[in-house]
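Comments concern the structure below.
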Amino acid sequence: MKKARLQQRDRGSSTLEIVGILPIVIVVLLVLLQVGAFVYALNGANQAVRDAARAASLGSSATAAAEASLPGAIKVKRLEKISSPNRYELEVTVPKFIPFTDLTVTRVADMP
């Protein structure tokens, strides 16, 4: 008799525990995805700014080279020549997984 009463009181408690933990798990997953997107953008920006500087040193369009080098999810925010003959600074936007985060990555490269 007592065992049946205890089981009735405990019924649904695991569901409440899962509902309580679920928001924390979702936030942790979103943060991990955002960190991954940041690293992805960082690597893409490194390659793109090197390609832009190389294209400029060969007399081609630096902007076209940077845009062609970037993966599809990453967009050029700003590309500018900053001194010396072929020194470029590239700023790209990081894909968003967390609302209200406007992250950018800025990289610099120069070619002789």
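If we keep just the residues of segment 95-108 that are in contact (Cβ under 8 Å) with a residue 60 or more places away in the chain and in a loop (DSSP other than H, G, I, E, B), which is surrounded by the most Cβ atoms within 10 Å (Cβ to Cβ)?
Here the residue is 97.
Can you find a residue in segment 70-86 that is surrounded by fewer than 16 Cβ atoms within 10 Å (Cβ to Cβ), touching a residue at least 24 places away in the same chain (Cβ under 8 Å), assigned to a loop (DSSP other than H, G, I, E, B) and under 21 Å from the mean Cα position of the chain (by Cα)?
Step one: list which residues in segment 70-86 are surrounded by fewer than 16 Cβ atoms within 10 Å (Cβ to Cβ), which gives 71-73, 75, 77-78, 80-85.
Narrowing further to those that are touching a residue at least 24 places away in the same chain (Cβ under 8 Å): 71, 73, 77, 81-82, 84-85.
Remaining after also requiring assigned to a loop (DSSP other than H, G, I, E, B): 71, 73, 84-85.
Applying the additional criterion that residues be under 21 Å from the mean Cα position of the chain (by Cα) yields 71, 73.
Yes.
List the residue pairs whose Cβ atoms are under 7 Å apart, where the first residue sits in segment 49-64 and is surrounded by fewer than 17 Cβ atoms within 10 Å (Cβ to Cβ), the second is at pLDDT 90 or above, and the two are 6 or more positions apart or on different chains.
Note: pairs meeting the criteria are 61/55; 63/79.
For residue 111, indicate whether it is surrounded by fewer than 13 Cβ atoms within 10 Å (Cβ to Cβ), modelled with pLDDT under 95 and hydrophobic (A, V, I, L, M, F, W, C).
no
Determine whether residue 17 is among the acidic types (Asp, Glu), on the phi < 0 side of the Ramachandran plot and modelled with pLDDT of 90 or more.
Considered against the rule, which asks whether it is among the acidic types (Asp, Glu), on the phi < 0 side of the Ramachandran plot and modelled with pLDDT of 90 or more, residue 17 comes out as no.
The values are calculated or read from the model by the stated rules, or taken from the named source; none is laboratory data. In this text, all values refer to a predicted model and were calculated from it rather than measured experimentally. Don't worry about glycine lacking a Cβ; one is built from the backbone with ideal geometry, like all the others, and counts go over all protein chains shown.
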